[in-house]
Structures are given as structure tokens and as C-alpha cells.
1. If you line up the Cα atoms of the range 34-101 on their principal axes, what length do they span on each, largest first, in Å?
2. Please give the calculated 222 nm ellipticity per residue for the chain, where each DSSP H segment of at least 4 residues contributes -39500 (n - 2.57) and the sum is spread over every residue; nearest 500 deg cm²/dmol?
3. Given the range 23-329, what whole percent of its Cα pairs are spread farther than 38 Å?
4. Rounded if a/c is under 1.5, else prolate if a/b is larger than b/c, else oblate: which is the range 47-188, with a ≥ b ≥ c the root eigenvalues of its Cα gyration tensor?
5. Could you sort the peptides 279-287, 221-229, 62-70, 129-137 by per-residue average Cβ neighbour count (10 Å cutoff), highest mean leading?
6. Given the peptides 316-329, 255-268, arrange them by the average over their residues of other C-beta atoms within 10 Å, most packed first.
7. Provide 184, 23 in ascending order of the number of other Cβ atoms located within 10 Å of each residue's Cβ, fewest first.
8. With a cut-off of 8 Å between alpha carbons and a minimum separation of six or more residues, what is the relative contact order of the chain in percent?
């Protein structure tokens, strides 16, 4: 009898572990493997555009402590969006005596109203302390600017796309009401926005084909490769179904290695970006990332400069995200 109880408990444990693995780490489609295809002309052109954005936004430290540079970065973003024909909307609030702002544009159907379902895609444009922040997060901000250009003709029929550049993601404002994305998510919640989900583009420009270049928070090193050649799609609890749609589309359109899954905020790194704010307000929230400090040795350092970003790979990822967003907006 004791042996039967023991066997039964073992089977339950195995079943529970299998269910947890399926829920957390199973993703639709197959990740790309093999030799990456050559860089295309479109990717080469896009890479040059992305480099220009990163150099303009994130060549020097830019945050509340480096306020003049933060303002220059914000002004550049607004000018680029205006040049594309958008009318950027600033959500301004004060940190001490210094006004800071989120910058948002939208693509919406002509008859869009309060009940029109929306999708938010965003990235923070501030940097940490003394870091220029080229990868963290000039790379994400540049991708949002180029998605604004690439999707200008998208003309969604029954959904609204909000593209947002957030301020104050970095310490000491992260995970507080002074975080730009927190302010923005709260404004959507207060207005009753029907939000499909939020995608945060966070630190997208570091890659290596050498084994041993990738680390993970426990226990994910048991399941994923140690080569830093992939992009990760990560959801906080409640975002799994949204994550599945994004990954399925990205993998269908893009020849680039991908991993990902759903995990609680208690896992190191899972909630370390603007998607956390939307999750706190009950919205499905996903981060797309190169995993930042788990591979990038210049993370939050003065050496996080524009020459460290892999623009060809950032271009391929950006084009893949464009296609995934077109699918989500259908």
C-alpha cells in the first residue's frame, strides 16, 4: 500500500511538472535554426535608419539627472514622428520641478471610439544613470520609431494601435507611480480602454553565436541554449494567450531564433520593463528582449554606446514585429 501511495504521488508530481512546463514554456510554431539568411537590401536600409535613431537618442546619458539630454531625445522622437505625418501626443507630468513626458501616436479606424479595442506597443527612451543607453533602450525606441514608419499604411479596420515612447522606466522611477508607462497605463484604465494587450520592446541589440554567452535566471538555464543568438518573448501571468499569438506570427514570418514563455514577476528579469505597468492594471503584457543583463556586459554601464548595437539583427527583428503587428491588427 505504501508503495502504491508513493507511486501515485510520483505520478502526480510528474503530471504537475509537465503541466507547469507546458503552461510556462510551450510556444506555437518552431524556432528558426540553421544558418541565418544573408542581410537583404530592405534590412540594410532599415539598419541604417535604426542606427541614426539610436545615435540621436542614446549617445549620452539622458534621464532626469541629465535633463537637457533627456529633452533633446524627446524632441528628436517628436520631430521624427511629425516627419512621418503623425501628430504626437505628450503626456506630461512633473518630477520635482522638471516636466517629463510620454510621447504617443496612434493608427485608428475613422470611426474609432471609446469601445474600439486597442493594442499598445512601446519602449522607454530614458537611460540609466551614467549610461548612454544605446541598447537599453535606444534599440527599443528606434524600433518603435521604425514601426511607426513601416505601419503608416496599415489602416486598421476595427482596432486601434498606440505606439508609445515612455519616460522614466529606469531606477529610481521603475515600478513606481512616477514610471512613465505606469502613468500611461493608468490613464487607459481610468478611461475604460478596451486593451487587447501591451508589447514592450526592451533592449533588442546584443547577439552572439558563441556558446557560453547566454545566462538565465533559475531554472531556465535547464531548458534553453547557452548561445546568445535569439530574441525572447516573455509574458507575465495573464498574458499567455496574447504571447502565443505574437510568437506564432513572428515565427511564421521571420527567420530568427526565438525562445520565450510565461512566468511570474518573482522571476528575475521577467517584469523589468514597461509591460509590468500594464500587467499591474490587469492588461495582458509581453516583453520582447535580448535578455539584457543576462547576456549584455554593458548593461547600465557608461560603455552602453551606439557602436555596441547589432543593427542588422535589430532590423530583421523589427521587420518581423511589423508583420506580427499587421496580423494582430487584422
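Please treat every number below as a calculation from the coordinates, not as lab data. Because the structure is a prediction, the values reported are computed rather than measured. Ideal geometry is used to build each Cβ from the backbone, glycine not excepted, and the neighbour counts take in all protein chains shown.
1. 52, 28, 20
2. Mean residue ellipticity, 222 nm, calculated: -12000 deg cm²/dmol.
3. Details: 2545 of 46971 pairs.
The answer is 5 percent, as a whole percent.
4. In terms of gyration-tensor shape, oblate.
5. 129-137, 279-287, 62-70, 221-229
6. 316-329, 255-268
7. 23, 184
8. 24 percent
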